[in-house]
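Here's the structure we're looking at; comments come further down.
Values in this text are rule-based calculations from the coordinates and carry no lab data. This one's a predicted model, so the numbers in the text were calculated from it and none came from an experiment. Don't worry about glycine lacking a Cβ; one is built from the backbone with ideal geometry, like all the others, and counts go over all protein chains shown.
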Amino acid sequence: MEEKRKISCIVCPLSCVGEVTLDGGEIKALSGFTCQRGKDYAREEVIAPRRMLTTTVRVVNGKLPLLPVVSEAPLPKDKVAACARLLAGVTVAAPIREGDVICENPLGLGTRIVASRSLDAV
């Protein structure tokens, strides 16, 4: 059964709105995208969407109670919430430097969660 999905590209400022035609879960056609990057984004968004994760973890002995963290690479969209729940249970001790690894390979997803800022101890 053929299905058509509209996709708003977020790769560049042009924000093209294109259409992906699927048949049985397989991409049959792409239209409306002005560049290859848009087409690549649409393919990934339809077949295996990915998102960056940004959240916070608790800090002990820090000047602030929370530390912002980010995934080094996009995660599968359907795993983002589970990864955030895992990180809700993580506590780190200050001092922390930007780029320090906070969680190595959460849920076996093949990326790391790192500090997105430095945080001094009290």
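Just a few scattered comments:
- Lysine pairs meeting the criterion (Cα under 25 Å, 8 or more apart or interchain), as found in the chain: 11
- Whole-number percent relative contact order across the stretch 9-122, with pairs defined as alpha carbons under 8 Å at least 6 apart: 21
- For the chain, with +1 on Lys and Arg beta carbons and -1 on Asp and Glu, the positive-most of L87, L67, V17 along the dipole: L67
- By the compact-protein rule of thumb, 2.2 N^0.38 Å, the alpha-carbon radius of gyration of the stretch 2-47 corresponds to a ratio of 1.03.
- Centroid-to-centroid separation of the stretch 13-52 and the stretch 54-122 [C-alpha atoms, Å]: 30
- Estimated dipole of the chain in Debye, rounded to 20 [Cβ of Lys and Arg +1, of Asp and Glu -1, Cα centre]: 260
- Max mean-square fluctuation residue, GNM over the chain, Cα-Cα springs under 10 Å, options L53, L22, L67: L22
- Computed over the chain, Kirkwood Rh from alpha-carbon pairs, angstrom: 16.5
- Comparing R85, R51, R112 in a Gaussian network model of the chain (Cα springs below 10 Å), the most mobile by mean-square fluctuation is R85.
- Selection from L109, T56, T34 lying farthest towards where the dipole of the chain points positive, charges on Cβ: T56
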